[in-house]
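Right, one structure below, let's go through it.
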Amino acid sequence: MNAVNNVMRRELSGYFATPVAYVFLIIFLVMTGIFTFYLGNFYERGYADLDPFFRFHPWLYLFLVPAISMRLWAEERRLGTIELLFTLPLTTTQAVLGKFLAAWVFIGLALVLTLPMWLTVNYLGDPDNGVILAAYIGSWLMAGGFLAIGSCMSAMTRNQVVAFILSVVVCFLFLLSGLPMVMNLFNGWAPQVILDGIASLSFLKHFADISKGVIDLRDLVYFVLMIGFWLLATVLILDLKKAD
């Protein structure tokens, strides 16, 4: 765990050593404000809740999370520092976990900076704070899923732009998988077990379930398995790259 912690600290300090972290945080806060108060019609709805705030998180993460994850491994490979990283006394798994946790903590910090919105709705009315807390947890878990996919895509290439595009495409597919427009393509010919399987892969479905205030074990298992699968894929890809 010390090796994972050291990598995580190295990565976190690296975020704030450049303007990248501050630019991301500003963009995230500005965009959440626009989505909540303008596109989400926060004041016109007449309800003191954060539903407009969380409703847009999947689509906001679709572009912002790949913007973070694209540099996790692509930049290391482009600069040639990945060889130096693996000369340290740590395994590939420890390096992947350390980098992932650093980025995940950073996204968590961005979410923490939105807490004034939570205070605002409590000032304006009497919201269900349990539902809001569950939605924050669901949002962070969903960001972790996006981030794990982005980590894998970043390990596949040394070009950050390519890593970004691949991450957006794969994450978009997981967002679409539970929507009616996708399910209708399989209705009528695919057995129900396949339909249920496709729907169960949807980020939107599991995030929506948690956002209702009920943290179901199935939703937690989904995000844990999603994160674990893509991080394992990252480890395997990096090990193959080292063998080349």
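Here are a few things to note about the model shown:
- Test: residue in region 107-119 that is out of contact with any Phe, Trp or Tyr (no Cβ under 8 Å at 6 or more places or on another chain), within 25 Å of Val221 (Cβ to Cβ) and surrounded by 16 or more Cβ atoms within 10 Å (Cβ to Cβ): no
- When we screen Phe35, Phe16, Phe54 for residues that are farther than 30 Å from Leu124 by Cβ, at pLDDT 80 or above, of a type in the set (Phe, Trp, Tyr) and out of contact with any strand residue (DSSP E or B) (no Cβ under 6 Å at 6 or more places or on another chain), the only hit is Phe16.
For (1) farther than 17 Å from Ser139 by Cα; (2) modelled with pLDDT of 85 or more; (3) in contact with a helix residue (DSSP H, G or I) (Cβ under 6 Å, 6 or more places away or on another chain); (4) assigned to a helix (DSSP H, G or I), each residue gets a yes or a no:
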{"site": "Cys171", "(1), (2), (3), (4)": "no, yes, yes, yes"}
{"site": "Asn184", "(1), (2), (3), (4)": "yes, no, no, yes"}
{"site": "Ala190", "(1), (2), (3), (4)": "yes, no, no, no"}
{"site": "Asp209", "(1), (2), (3), (4)": "no, yes, yes, yes"}
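- Unique match (being modelled with pLDDT under 85, of a type outside the set (Lys, Arg), assigned to a helix (DSSP H, G or I) and farther than 18 Å from Phe54 by Cα) among Leu231, Leu204, Leu195: Leu195
- Counting only helices (runs of 4 or more DSSP H) wholly contained in region 66-125, no element carries 1 or more residues that are under 20 Å from the mean Cα position of the chain (by Cα) and over 26 Å from Met142 (Cβ atoms).
- Output for region 65-81, where each listed residue is without any contact (Cβ under 8 Å) to a residue 60 or more places away in the chain and buried (at least 20 other Cβ atoms within 10 Å of the Cβ): Glu76
- Members of region 79-126 that are among the charged types (D, E, K, R) and more than 28 Å from Phe28 (Cβ to Cβ): Glu83
- Residue match in region 89-98 (condition: modelled with pLDDT under 85 and exposed (fewer than 14 other Cβ atoms within 10 Å of the Cβ)): yes
- Residue pairs whose Cβ atoms lie under 8 Å apart, separated by 6 or more positions or on different chains, with the first residue in region 219-244 and without any contact (Cβ under 8 Å) to a residue 60 or more places away in the chain and the second of a type in the set (Ser, Thr, Tyr), are Tyr222/Ser200.
The values are calculated or read from the model by the stated rules, or taken from the named source; none is laboratory data. Remember, predicted model here, so these are calculated numbers, not experimental data. Cβ sites come from the backbone with ideal geometry, for glycine too, and all protein chains shown count toward neighbours.
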